[in-house]
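The values are calculated or read from the model by the stated rules, or taken from the named source; none is laboratory data. These figures come from a predicted structure and were not determined experimentally. Don't worry about glycine lacking a Cβ; one is built from the backbone with ideal geometry, like all the others, and counts go over all protein chains shown.
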Amino acid sequence: MKKMLLIILACLAALIQAHEYRVYLQPFQGTRLFAGETELAYRVVERDNSSAFVSFSHTDTQIILRASHDGYADSQVAALAGTLRFVILDKPDAPFVFENAFPTGTQPKSVTFIDNVRVIVPLLAGNGAEVINVVSGERHLLPLPGRYPRQQGFVEALILAHRNEIWISQMFTASIHIYDLQTLDYKRTINTTGNLSKVLAYNPVLDRVFFTHWLSEDVSIINPSTYQEEQRVRYGAVPRGLTFSSDGAYMYLAQYELAGRSVCQVLKINLATLAVEARLGALGAKRHIVKDEERQLMFVSDMARNTVEVYNMTTDSLVRTIRVYDKPNTIVLSPDRRYLFVSCRGPNHPTLDYLHKGLVMGQVHMIDTRNFETVAVWEGGNQPTGLDISPNGQRMVFSDFLDHRIRVYRRVEAEQAALNYWLAGTASGHSED
C-alpha cells in the first residue's frame, strides 16, 4: 500500500510540474507580478539599467500575467511558458501604450512605415534593410546583390510613392538601393561619388533627391528619372537632415559638426545659385529636420544642445527652443501635425563611445505643436534612434539601437477600440484569432 501511494504521489508531482516563464520587465525594480490573485516570486536573470530579464515558475503552461507598480498603469498580458514576453509599463495618462517589441538585425538605425502595419528598418551593422510587420513580428531581409550586403552600413529609407519606390541609403558604399514599393523587389543601385553617406530627402518641385555625405561634407543632387547623380555641392561642415521651401527654391540643411566641434547651424541655400543665403540657430550639432507645410514651421533637433528648435519658414526666424532629453535624434510629426515626436538616445557611456551602452536608458518625447509643451515621455531602451508614426496615426514605432529591437506602441483610442472588439467577440461566442 505504501509503495502504491508513493507511485501515485510521483504521478501527481509529474502532472503539476512547474513551467518556466521568461519576461523582459521595465521598470523591474518595485514591479510586482501576479497570476490571478497569486503574487509570483521572480528571479532577475540579467539586469540592464531600468529593465531586466526575469524568470519564474508556474504549474500552468499559459497564464494571464499582471504587472503592477506604483505610478504606472497595471499591465495585463497573456504569457506562454518557455517563450519571452515583453512587459513594459506605461504611465496612467500615456497617449500611446506599449503593444509589443520585436527583434531586428544588428543596430537598427531608422524606422519608416511603408503602410499602417509594416516598417522598413535599415541596419547599420547588418546586411541590408528588414521589413517588419509590427503586428505579427514577421520580418525578412530585403534582397540585395553582389558586394553590398557584406559591406553593411544601411542608414535611412525614403518613400517615393509617386514612383512606387523605396530608396535606402548605404553609408560605406555611398550607394542608394531602390526597391519596388508594392512587391519589395530589388530594382537597381545608384552609386554616388560622396563619402560616408546618410540622409535622403526629396524636393517634389524640382523632382530631385538630395543625399548628404558625412566625410566628404557635401550633398549629391540626383535625378530620380534617370537615376543619375548630377552634381555634388560642398558647404564646409558635416551635413545631416534637410528639407525644402514650399516653392522648392530653397534647401534648409542641418550641419552637424565642423572639424569635430559642435559649432554648426542650419543653412538656407538658394537652389538656383547653390549659394548660402542665411545661417539659422544657435551653434550646435543640428541633426534632423521636419516641417509643417500648412503652418510653415520647421523643427530641428540639436544633439549638442539637447533641444528642438522651431522656426517660422516665412521669416526664417526662431519661434521657440524646446528642451528635451540627451542626444535628440530623429523627429517626426504626427499625420495631423498636431504633435512632434522626438527620439533621444540618452547620455553616452561616460568612458566609452556611443556604440557601448550608457548608464541610463533613452527616451521618446511627445510635444504639442500648438504650445510647444511636452505632453508625454516614454522611457525607451538603449539608445532610441529610429522613430516613425503610422500613416493612420494609430501606432508609434522606435528602434532601440544597441538592443537590436523595435518597440511598438498603440494609440490609446485604438487600444480601446481593439478591446471593445475583442469583448464583443467574446460575448457573441467568437473572437479574432
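Test of understanding: among Arg261, Arg279, which residue is among the charged types (D, E, K, R) and within 27 Å of the chain's Cα centre (by Cα)?
Within the list Arg261, Arg279, the selection yields Arg261.
Could you tell me which residue of the range 344-403 is surrounded by the most Cβ atoms within 10 Å (Cβ to Cβ), considering only residues that are part of a loop (DSSP other than H, G, I, E, B) and of a type in the set (Asp, Glu)?
The residue in question is Asp403.
Keeping to the range 259-282, report how many residues are closer than 13 Å to Ala304 by Cα and surrounded by 13 or more Cβ atoms within 10 Å (Cβ to Cβ).
6
For the range 164-214, give me every one of the strands (runs of 3 or more DSSP E) that falls completely inside it and has 2 or more residues that are β-branched (Val, Ile, Thr).
165-170, 175-180, 186-191, 208-213
Look through the range 232-258, keep the residues that are among the small types (Gly, Ala, Ser) and in a strand (DSSP E or B), and return whichever of them is surrounded by the fewest Cβ atoms within 10 Å (Cβ to Cβ).
Gly241
Considering only residues of the range 67-111 that are over 14 Å from the mean Cα position of the chain (by Cα) and basic (Lys, Arg), which is surrounded by the most Cβ atoms within 10 Å (Cβ to Cβ)?
This residue is Arg85.
Can you name every residue in the range 21-37 that is of a type in the set (Phe, Trp, Tyr) and either touching a Gly at 6+ places or on another chain (Cβ under 9 Å) or part of a strand (DSSP E or B) (or both)?
Tyr21, Tyr24, Phe34
Hand me the list of strands (runs of 3 or more DSSP E) wholly inside the range 38-86 holding 2 or more residues that are acidic (Asp, Glu).
Filter on the range 38-86 gives 43-48.
Give the residue, chosen from Gly194, Gly241, Gly236, that is of a type outside the set (Val, Ile, Thr) and under 23 Å from the mean Cα position of the chain (by Cα).
Gly241
Within the range 33-54, work out how many residues are surrounded by 14 or more Cβ atoms within 10 Å (Cβ to Cβ) and of a type outside the set (A, V, I, L, M).
Within the range 33-54, residues that are surrounded by 14 or more Cβ atoms within 10 Å (Cβ to Cβ) and of a type outside the set (A, V, I, L, M) number 7.
Please specify each residue of the range 305-337 satisfying the condition of being charged (D, E, K, R), assigned to a loop (DSSP other than H, G, I, E, B) and either farther than 20 Å from Leu267 by Cα or under 20 Å from the mean Cα position of the chain (by Cα) (or both).
Asp326, Lys327, Asp336, Arg337
Can you tell which of Glu165, Glu156, Glu138 is surrounded by 15 or more Cβ atoms within 10 Å (Cβ to Cβ), closer than 17 Å to Ser399 by Cα and in the same structural domain as Gln228 (by TED's automatic domain parsing)?
Residue meeting the stated conditions: Glu156.
Consider the range 260-278. How many of its residues are of a type outside the set (A, V, I, L, M, F, W, C), under 15 Å from Asp302 (Cα atoms) and not in a loop (DSSP other than H, G, I, E, B)?
2
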